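The values are calculated or read from the model by the stated rules, or taken from the named source; none is laboratory data. The structure presented is a predicted model; accordingly, all values stated were derived computationally and were not measured. Positions of Cβ are generated from backbone atoms using ideal geometry, with glycine treated the same way; all protein chains shown enter the neighbour counts. Ligands, DNA and RNA are stripped out before the accessible areas are found, and what is left, the full protein with its side chains, is counted by its heavy atoms. Shrake-Rupley method; radii C 1.70, N 1.55, O 1.52, S 1.80 Å.
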Amino acid sequence: MNQAQWMEEAFALAEEAAADGEIPVGAVIADAAGNIIGRGRNRREAGDPLGHAELYAIAEAAKAIGDWRLEDTTMVVTLEPCAMCAGALVNARVARLIFAASDPKAGFCGSLGNLVEDPRLNHRLMVERGFEEERSRNLLQAFFRRLRKRSETERWQSG
């Protein structure tokens with residue numbers, strides 16, 4: 001598999017998340033041979049405060065290889081990781097990060113800060129930004145439009 005195929009899988013996971021009322025973010029981790037070894041999608045609304053797609057993908061990949069060190073792996077995610085997820089990527093020793101859309105409100109891989117490339121840390125990731133950015137933005141915008149519309153409808157019906 002290649003990065004386009006990995007991103008396709010991440011988008012499929014993001015769409016699953018949206019169908020469940022979650023912010024549509026999907027993530028996969030691929031090993032050096034190109035095989036997906038970890039998958040995740042947002043699950044915070046299901047009651048998990050740590051329910052970010054990246055954390056699920058990291059946990060599944062670590063379990064798949066039997067080690068917390070995810071050296072020589074690539075994470076592909078539909079939205080720039082937040083500070084919590086960026087820290088997890090550094091701590092798990094992921095080698096490379098590819099993300100679709102930047103997140104100016106919470107992104108910590110270049111937008112609000114840059115934890116994954118901070119030279120003061122003992123590990124840094126190679127980062128590729130903007131792969132399928134427009135597609136990710138469209139998915140996120142459509143989700144939030146539906147959410148606002150539903151909220152307005154509920155207020156109108158209850159008022």
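When the helix-only estimate is applied to the chain (DSSP H runs of n ≥ 4, each -39,500 (n - 2.57), divided by the residue count), what is the mean residue ellipticity at 222 nm, nearest 500 deg cm²/dmol? Theoretical 222 nm ellipticity from helices: -13500 deg cm²/dmol.
If R0 equals 41 Å, the separation of the Cβ atoms of A33 and R148 corresponds to a calculated FRET efficiency of about 0.45. For the chain, DSSP calls about 55 percent of its internal beta bridges antiparallel. Considering only A101, N122, S136, the residue lying farthest towards the positive end of the dipole of the stretch 62-139 is N122, judged by Cα position with unit charges set on Cβ. In the context of the full set of protein chains, residues of the stretch 25-108 present 41 Å² of accessible surface per residue (probe radius 1.4 Å, heavy atoms only). Other residues with beta-carbon under 12 Å from the beta-carbon of A64 carry, at +1 per Lys or Arg and -1 per Asp or Glu, a net charge of -1. Could you run the Karplus curve 6.51 cos²θ - 1.76 cosθ + 1.60 with θ = phi - 60° over the stretch 24-39 and give me ³J(HN,Hα) per residue in whole Hz, x for Gly and Pro? Listing the rounded values in order: x, 10, x, 9, 9, 10, 10, 7, 4, 7, x, 7, 6, 10, x, 9 Hz.
Distance between the modelled labels on H123 and N2, one decimal in nanometres: 2.8 nm (7 Å Cα→Cβ projection). Once the Cα-Cα distance is subtracted from the 0.36 nm per residue extended length, the E15 to A46 segment shows a gain of 9.6 nm. Using DSSP to call loops (not H, G, I, E or B), can you name the GluC sites (Glu not before Pro) in the stretch 1-73 whose Cβ has at most 15 other Cβ atoms within 10 angstrom? Hits after loop and neighbour filter: E71.
Legend: P(r) of the stretch 69-129 from all alpha carbon pair distances, 5 Å bins from 0, whole percents, reading 4, 22, 35, 27, 10, 2.
Approximating the spin labels as points 7 Å out from Cα along Cα→Cβ, the E71-to-S111 distance works out to 3.2 nm. Structural size metrics of the stretch 1-149, computed from C-alpha coordinates, are Rg and Dmax of 14.1, 45 Å.
Leaving out ligands, DNA and RNA, and with a 1.4 Å probe, what % of the accessible surface on the stretch 59-108 is carbon or sulfur? Carbon with sulfur: 53 percent of the solvent-accessible area.
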